[in-house]
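Input: a single structure, listed below in structure tokens.
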Amino acid sequence: MKIIMLGAPGAGKGTQAKMIADKYHVPHISTGDIFRANIKNGTELGMEAKKYMDQGLLVPDELTVKILLDRVAKDDCQNGYVLDGFPRTIPQAQVLDKALEEIDDKIDFAINVDVPDENIIKRMGGRRACLSCGATYHVEHIPPKKEGICDACGKELVLRDDDKPETVGNRLDVYHKQTQPLIDFYSAKGILKTVDGTADMKDVFAAIVSILG
Ligand code: ADP
Ligand code: AMP
């Protein structure tokens, strides 16, 4: 099963993608996590990506597409995957489609996690991320057991630089201009499914499971 998660930054794509990955035994692939891991390890790719991420801009398609295509070519993707944060532009979606067509394959579902901008702004300020294992929490809605510490790996939780209020507005603008057109793109293919992302995370997941079967 090959699934794409769509939605504004902070809509809950990552939260749901991890639950989907667990239940359906497919890898969770987040281009944002891949970039953050590269930044942490000081790679050339990481340094290049950081310039854009810190401003709330998208990393150029050439860089992003390459890392994604390399990742989905790995053995663990044979039975599918859940993509979180990719594609974020129409050209990215077209490249992915073409790569899949070449192996006589296609995306099964594009799940749009729908959350209005007002809720997004509140959520982003409360998001806490573990840069070590990629887990995310929310100070009010999904708090860790011990404040500031990751339940999964015990490392420190941080407010991501790009979740600071001055950057969130930019990210939402970028989302509306460059990523939202994907909703029509996948709707035209008949694989778009929209869920109400303002509900409790368990209810959002139940709605997704009823779509995926
Ligand atoms: P995205 O991957 O779309 O950027 P995340 O999954 O990281 O978003 O979620 C953004 C923030 O909102 C996180 O702090 C997360 O814990 C919280 N969150 C996710 N789903 C819900 C929900 N259904 N209700 C309330 N908060 C949520
Ligand atoms: P995320 O963790 O998905 O919120 O992504 C964090 C940041 O990484 C984004 O704001 C972009 O700067 C960059 N990024 C992640 N995925 C992509 C993508 N598919 N295309 C371009 N930039 C991306």
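Values as computed for the structure displayed
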item: Residue-wise HN-Hα coupling along segment 147-154, computed from phi with Karplus coefficients 6.51, -1.76, 1.60 (Hz; x: Gly, Pro); result: 3, x, 10, 5, 4, 6, 10, x
item: Ranked list, fewest to most other Cβ atoms within 10 Å of each Cβ, for Y81, Y24; result: Y24, Y81
item: At most 11 other Cβ within 10 Å, DSSP loop - trypsin sites (Lys or Arg not before Pro), segment 52-87; result: K74
item: Under 17 Å from the D161 label point (7 Å along Cα→beta-carbon), backbone N, segment 41-82; result: 41-60
item: Estimated FRET transfer efficiency when R0 is 35 angstrom, pair E44-N79 (beta carbons, to 0.05); result: 0.65
item: Calculated FRET efficiency for the pair I121/D22, C-beta based, R₀ 35 Å, to 0.05; result: 0.75
item: Residue among K122, K145, K50 with the largest mean-square fluctuation in a Gaussian network model of the chain, springs linking Cα atoms under 10 Å; result: K145
item: Sites I211 and A37, calculated FRET efficiency, Cβ-Cβ separation with R0 30 Å, nearest 0.05; result: 0.50
item: Separation in nanometres of the label points that stand 7 Å from Cα toward Cβ, at D54 and C153; result: 2.3
item: 9 Å beta-carbon shell around G125, net charge (K/R +1, D/E -1); result: +3
item: Inter-site label distance for D97 and I191 at 7 Å from Cα along Cβ, in nm; result: 1.0
item: Sequence of I120, I211 once ranked by neighbouring C-beta atoms within 10 Å, starting from the fewest; result: I211, I120
item: Inter-part distance where segment 7-42 and segment 62-107 are each reduced to a Cα centre, Å; result: 14
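Bear in mind that the values in this text are calculations on the coordinates, not laboratory data. Because the structure is a prediction, the values reported are computed rather than measured. Positions of Cβ are generated from backbone atoms using ideal geometry, with glycine treated the same way; all protein chains shown enter the neighbour counts.
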